[in-house]
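Since every read-out is calculated from the coordinates, none of them should be taken as a lab result. These numbers were taken from a predicted model, which means no experiment stands behind them. For neighbour counting, all protein chains shown are included, and Cβ atoms are generated from backbone atoms with ideal geometry for every residue, glycine included.
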Amino acid sequence: MLSEDDPLFANWDQDTTAIEDRYDSQEPALVVGELAAAAEAHAAQLEAVDGENWQRPGRRSDGASFTMATISRYMIHDLVHHVWDVRRHIIGVNTA
């Protein structure tokens with residue numbers, strides 16, 4: 001979004017990715033380290049965004065529009081949301 005004007009992003013199927021990447025058989029300790037490193041790298045990228053660049057647009061494959069600011073907030077929300085999902089699963093709380 002910073003290097004291309006209003007890019008269109010292909011659909012990402014989270015369920016297909018989970019199956020193809022075998023999320024169920026990954027080592028939790030390794031995944032935690034990988035997530036931490038990815039979060040640090042992503043935070044550094046976001047720290048470099050300034051001024052009007054936060055308003056640069058992009059679109060999902062379904063046509064929904066967002067900006068650097070809104071997609072960044074959504075990414076944080078999504079991570080927090082999934083952490084709660086995992087916690088509920090680990091302690092056996094029914095989310096249905």
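Only one residue of Val86, Asn11, Ser25 has its Cα farthest out toward the positive end of the dipole of the chain, where Lys and Arg carry +1 and Asp and Glu -1 on Cβ, and that residue is Val86. Relative to the longest principal axis of the chain, what angle (0 to 90°, nearest 10) does the C-alpha long axis of helix 68-91 take? For helix 68-91, the angle is close to 0 degrees.
Summing Cβ point charges (Lys, Arg +1; Asp, Glu -1) relative to the Cα centre of the stretch 14-91 gives a dipole of roughly 280 debye. Treating the angle as unsigned and between 0 and 90°, give the value, to the nearest 10°, between the Cα long axis of helix 28-47 and the longest Cα principal axis of the chain. Here the helix axis deviates by roughly 20 degrees.
Restricting the GluC sites (Glu not before Pro) of the chain to loop positions (DSSP other than H, G, I, E, B) with no more than 13 neighbouring Cβ atoms within 10 Å leaves Glu4. The overall shape of the stretch 7-48 is oblate: from the C-alpha gyration tensor, with semi-axes ordered a ≥ b ≥ c, the ratio a/c is 1.5 or greater and a/b is no larger than b/c. Largest GNM mean-square fluctuation across Ala43, Ala18, Ala69, computed for the chain with C-alpha springs under 10 Å, falls on Ala18. For the stretch 14-91, pairs of C-alpha atoms spaced more than 21 angstrom apart make up 44 percent of the total. Across the chain, C-alpha contacts under 8 Å between residues 6 or more apart give a mean separation that, scaled by the residue count, equals a relative contact order of 35 percent.
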